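Here the structure is laid out as structure tokens; the discussion comes afterwards.
Since every read-out is calculated from the coordinates, none of them should be taken as a lab result. As the structure is a computational prediction, the values presented were derived from the model and not from experiment. In this analysis, Cβ positions are derived from the backbone assuming ideal geometry, glycine residues included, and neighbour counts consider all displayed protein chains.
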Amino acid sequence: MTPIIIRDLCFRRDARSILDGIGLAVKAGEIFCILGQNGAGKSTLLHCLLGLLAPQSGEIRILGDELQCLSRSEIARRIAFVPQASQPAFAFTVAQLVLMGRMARLSGMGAPSPADRRKAEEAVERVGLTGLREKPVTQLSGGERQLTLIARALAQEAPILVMDEPTASLDLGNQGRILALCRDLARDGATIVMTSHLPDQAFNLQCQVGLLKNGRFIAAGPVAAVCKTEAMEMLYDTRLQRLGDLDSGLAAYAPRLD
């Protein structure tokens, strides 16, 4: 069974087309990275996939079932979401916020069990925040908040992980840790959909890529086949310089200033 299938998805806002004819299939153990300009529709696509926005037409199937037929709790057991980090409104500790990821696994008004607390602790440890577990999230840096959100998603233990620019607030060291974590989760069978502004991350992960422009995928497939210089210049409407390492297969793009 393919965990994520999207067919002919269309979404409009105020009569303006945001997504038009989107089709996508993501297999278990696969990472699909969506690249595109600001305003291309990346976050809107993720919100449709999460059931937070209702498309005007098209079909989304999650683990074989139509998304619109699933309750919010059923969606939460199947999909964990990592949003872009923002300033939190409440001073929960890191441990408390990560434990909230277990709520999708609780029935009724049940309290977290010792097993739930262990799962949350394991998630905190996995992202390297053990030393900050009792610190209020309002006192964390942007990067530390993002790592906390990722830990909360891991604690949820959903088979599908959706991440909106998960490394946007992170330094290079933490970017590497999160990308390595995504790689390891996919190797363990997780299905991951993420957005990014950095093609080098897709090369580093050697994953599947979709180039989203004006609400449509203009190309999709393995990163080495899709992220050619001409395609990337078309995607970002600018001249680019490709920087590559032939031995490792890694590549990055920098804008030309001439």
Review point. Toward the positive end of the charge dipole of the chain, about the Cα centre and with charges on Cβ (Lys, Arg +1; Asp, Glu -1), which of Gly142, Thr44, Met103 goes farthest?
Key: Met103
Practice item. Would you compute, for the Cα atoms of the stretch 84-157, the largest minus smallest coordinate along each principal axis and list the three values in descending order, in whole Å? Key: 33, 24, 21
Exercise for review: Rounding to the nearest 20 debye, state how big the charge dipole of the stretch 200-258 is about its Cα centre with +1 on each Lys and Arg Cβ and -1 on each Asp and Glu Cβ.
Suggested key: 240 debye
Study note, to complete from the structure: In deg cm²/dmol, rounded to the nearest 500, the helical mean residue ellipticity at 222 nm of the chain, built from -39500 (n - 2.57) for every DSSP H run of length 4 or more, is -9500 deg cm²/dmol
Check your understanding: Share of antiparallel DSSP beta bridges in the chain, in percent to the nearest 5?
Key -> 60 percent
Point to revise | Loop trypsin sites (Lys or Arg not before Pro), the stretch 183-258, which have at most 14 other Cβ atoms in a 10 Å radius of their Cβ (DSSP) | key: Lys228, Arg239, Arg256
Point to revise | Point-charge dipole on Cβ atoms (K/R +1, D/E -1) for the stretch 104-241, about Cα centre, debye to 20 | key: 200 debye
Check your understanding: Where Rh denotes the Kirkwood radius from the mean inverse Cα pair distance, what is Rg over Rh for the chain?
Key -> 0.97
Exercise for review: About the Cα centre of the chain, how large is the charge dipole given +1 on each Lys and Arg Cβ and -1 on each Asp and Glu Cβ? Please answer in debye to the nearest 20.
Suggested key: 460 debye
Review point. Between Met194, Met100, Met234, which gets the highest mean-square fluctuation from a Gaussian network model of the chain, Cα cutoff 10 Å?
Key: Met234
Study note, to complete from the structure: Scoring only Lys, Arg, Asp and Glu (+1, +1, -1, -1) among other residues with Cβ under 11 Å from the Cβ of Arg126 yields -2
Check your understanding: By the scheme Lys and Arg +1, Asp and Glu -1, what is the net charge of all other residues having a beta-carbon under 12 Å from that of Leu97?
Key -> +3
Practice item. Quick one: compute the contact order of the chain, relative version, from alpha carbon pairs under 8 angstrom and 6+ residues apart, as a percent. Key: 24 percent
Study note, to complete from the structure: Note to self: C-alpha centroids of the stretch 161-209 and the stretch 1-56 sit apart, in Å, by 18 Å
